[in-house]
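Read-outs: derived from the displayed coordinates by stated rules, not from any lab. Remember, it's a predicted structure, so these values are computed and weren't measured experimentally. Using ideal geometry, Cβ is built from the backbone for each residue, glycine included, and neighbour counts are taken over all protein chains shown.
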């Protein structure tokens, strides 16, 4: 039996208190934005300066939630919000002068050809 009086009323829930309503296996980004895309690029990088150039452009690109650049694996992996398209990330990496030899978006192989901007 409870020690509360029969006429006790539970305390009101504070409307400003966040509620845990996210389902298990949430696919939203670490920033709480829209679901993430995972873009993977094989990039020809021959030295630390090459990987540093790719690192610098990804660091400044809006919409990137997280990224990894590996000189040893010749790979750049970008975790991006829903609003950042694959083509924009590809174009940004290509502007460093490094050759992108293969690209994937969410596990599906994509073209690495850069179309002229309109």
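With a cut-off of 8 Å between alpha carbons and a minimum separation of six or more residues, what is the relative contact order of segment 37-110 in percent?
Details: 123 pairs, mean separation 33.8, N = 74.
So the answer I get is 46 percent.
Can you tell me the length gained on complete extension of the stretch residue 106 to residue 55, counting 0.36 nm per residue apart and subtracting the Cα distance?
Result for the pair: 16.3 nm of gain on full extension.
Using a basic spin-label model with each label point 7 Å from the Cα along Cα→Cβ, how many nm lie between residue 115 and residue 62?
2.2
Please compute, for the alpha-carbon atoms of segment 41-118, the extent along each of the three principal axes and give them in descending order in Å.
31, 25, 24
Residue 83 versus residue 46, label points 7 Å from Cα toward the beta carbon: distance in nm?
3.9
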